[in-house]
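Undergrad: Shown below is the structure under consideration.
The values are calculated or read from the model by the stated rules, or taken from the named source; none is laboratory data. Everything quoted here is computed from the prediction, not taken from an experiment. Reconstructed Cβ throughout: ideal geometry from the backbone, glycine too, with neighbour counts over all protein chains shown.
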């Protein structure tokens, strides 16, 4: 009788261990999948940028340095190791700022703003930027869930034995955390 009880306890512990391990694997995979969603959107944006640059070059006497910076950042992102999420997002944030510069300067070129190709590319890039922002939020949510599992008892015991490592959150760059300053002239403009 005692032998069956011991056997039953061992079976329950083994099943519990397997369930916890599988839960950790699933959480880790959700985190990796959410990063791949960011990667897909970054690739999409990287594919659109050469078309935007060529459209802008053809329609406006544009600041060459801005275009070169955007192309250089795009190339740096494509050459960043796939497991270096922080570096990829740092470069991505810089690229986003470079694209904002293109959009801002392009406003002074009516022919460019009237171009259907330019407007379509702008819309595609805007949609892609929104998808990147959403994917970043999703990544941080799945990272939080995964890291919580790693720190919760008894999951932390299984995680430690199987060498599960926490995932790092994507952080907002310091310059983007600053409050935007808005000022108006004496006419309220």
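Undergrad: Going by the structure shown, is residue 106 over 30 Å from residue 23 (Cα atoms), surrounded by 16 or more Cβ atoms within 10 Å (Cβ to Cβ) and either modelled with pLDDT of 90 or more or in contact with a helix residue (DSSP H, G or I) (Cβ under 6 Å, 6 or more places away or on another chain) (or both)?
TA: Judged against the criteria, residue 106 is a match.
Undergrad: Still on this structure: Does residue 16 satisfy the criteria of being part of a helix (DSSP H, G or I), surrounded by 12 or more Cβ atoms within 10 Å (Cβ to Cβ) and more than 26 Å from the chain's Cα centre (by Cα)?
TA: Values: part of a helix (DSSP H, G or I): yes; surrounded by 12 or more Cβ atoms within 10 Å (Cβ to Cβ): yes; more than 26 Å from the chain's Cα centre (by Cα): yes.
Spelling it out, residue 16 is indeed part of a helix (DSSP H, G or I), surrounded by 12 or more Cβ atoms within 10 Å (Cβ to Cβ) and more than 26 Å from the chain's Cα centre (by Cα).
Undergrad: Criterion first (in contact with a helix residue (DSSP H, G or I) (Cβ under 9 Å, 6 or more places away or on another chain), surrounded by 15 or more Cβ atoms within 10 Å (Cβ to Cβ) and at pLDDT 85 or above) does residue 34 satisfy it?
TA: So residue 34 passes the test.
Undergrad: Residue 10: at pLDDT 85 or above and either out of contact with any strand residue (DSSP E or B) (no Cβ under 7 Å at 6 or more places or on another chain) or under 30 Å from residue 164 (Cβ atoms) (or both), yes or no?
TA: Working: at pLDDT 85 or above: yes; either out of contact with any strand residue (DSSP E or B) (no Cβ under 7 Å at 6 or more places or on another chain) or under 30 Å from residue 164 (Cβ atoms) (or both): yes.
So residue 10 fits the description; yes.
Undergrad: Sort out which residues of the stretch 25-51 are more than 13 Å from the chain's Cα centre (by Cα) and in contact (Cβ under 8 Å) with a residue 12 or more places away in the chain, and write them in order of number.
TA: Filtering the stretch 25-51 for residues more than 13 Å from the chain's Cα centre (by Cα) gives 25-30, 46-51.
If the condition is that a residue be more than 13 Å from the chain's Cα centre (by Cα) and in contact (Cβ under 8 Å) with a residue 12 or more places away in the chain, then 27, 28, 30, 46, 48, 49, 50, 51 are the ones that fit.
Undergrad: Let me ask something else about it. If you check residue 170 against the conditions, is it assigned to a helix (DSSP H, G or I), at pLDDT below 90 and buried (at least 19 other Cβ atoms within 10 Å of the Cβ)?
TA: Numbers: assigned to a helix (DSSP H, G or I): no; at pLDDT below 90: yes; buried (at least 19 other Cβ atoms within 10 Å of the Cβ): yes.
When the stated conditions are applied, residue 170 does not pass them.
Undergrad: Exactly one of these conditions fails for residue 98: (1) at pLDDT 80 or above; (2) within 25 Å of residue 137 (Cβ to Cβ); (3) part of a helix (DSSP H, G or I). Give me its number.
TA: Among (1) at pLDDT 80 or above; (2) within 25 Å of residue 137 (Cβ to Cβ); (3) part of a helix (DSSP H, G or I), the lone unmet condition for residue 98 is (1).
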